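The values are calculated or read from the model by the stated rules, or taken from the named source; none is laboratory data. Remember, it's a predicted structure, so these values are computed and weren't measured experimentally. All Cβ positions, glycine included, derive from the backbone under ideal geometry; neighbour counts span all protein chains shown.
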Amino acid sequence: MNRRLARIRAVQALYQIEMTGIEWKLALQSSMDDEEEADDYLYDVIPGVLAVQPKIDEQIAGQLEHWALERVGNVDRAVLRLAVYEMQHREDIPVNVALNEAINTAKAFGGDEAGKFVNGVLSNLRKARGLGAKSEYDSEDH
């Protein structure tokens, strides 16, 4: 399984956990096609996000202007949580890669507006925390 597909499966599992309260391994299993096999990345990021989710949520909420985290769509919230985890806890993933992949994942699930929203939140968080280099999406055009 390539990393892009693994991110999609992670977002699907995180979404399902939030919506149903299902145990993470069951959520992962139900998000995957029968012929797919989970890799180490998935076994790290899903429980990793859950372990630090309150801290991640606090950081995301700090970047929302005139919004409460609860108003953010469930899929966008899952995308943001995964991206923040990657940006701060996965040294093997450059910050700009985590940010760009989150934008593309958000677009895949919610269209261009979702991508713009995720870009804004994560770019602000990256700047506020002094993380990584600029993203290819750091412009008014995206």
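The table below lists the values:
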quantity: Subset of region 71-83 [free of Cβ contacts under 8 Å to residues at least 60 places away in the same chain and under 17 Å from Tyr43 (Cα atoms)]; calculated: Ala83
quantity: Single condition Tyr43 does not satisfy, out of (1) of a type outside the set (A, V, I, L, M); (2) modelled with pLDDT of 95 or more; (3) under 19 Å from Arg126 (Cα atoms); calculated: (3)
quantity: Complete set of residues in region 86-134 that are basic (Lys, Arg) and assigned to a helix (DSSP H, G or I); calculated: Lys107, Lys116, Arg126, Lys127, Arg129
quantity: Region 22-50, residues that are more than 19 Å from Ala98 (Cα to Cα) and surrounded by fewer than 16 Cβ atoms within 10 Å (Cβ to Cβ); calculated: Ile22, Glu23, Lys25, Leu26, Gln29, Ser30, Asp33, Asp34, Glu35, Glu36, Glu37
quantity: Hits in region 1-21 (condition: surrounded by fewer than 18 Cβ atoms within 10 Å (Cβ to Cβ) and polar (S, T, N, Q)); calculated: Asn2, Thr20
quantity: Candidate set: region 51-77, residues that are surrounded by 14 or more Cβ atoms within 10 Å (Cβ to Cβ) and among the small types (Gly, Ala, Ser); chosen: the one farthest from the chain's Cα centre (by Cα); calculated: Ala61
quantity: Residues of region 72-86 classified as aliphatic (A, V, I, L, M) and touching a Gly at 6+ places or on another chain (Cβ under 7 Å), total; calculated: 1
quantity: Subset of region 108-142 that is polar (S, T, N, Q) and at pLDDT below 75 - its residue that is surrounded by the most Cβ atoms within 10 Å (Cβ to Cβ); calculated: Ser135
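Okay, residues lined up against (1) more than 16 Å from Val11 (Cα to Cα); (2) among the hydrophobic types (A, V, I, L, M, F, W, C):
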position: Val45; (1), (2): no, yes
position: Gln53; (1), (2): no, no
position: His66; (1), (2): yes, no
position: Asp76; (1), (2): no, no
position: Leu99; (1), (2): no, yes
position: Ile103; (1), (2): no, yes
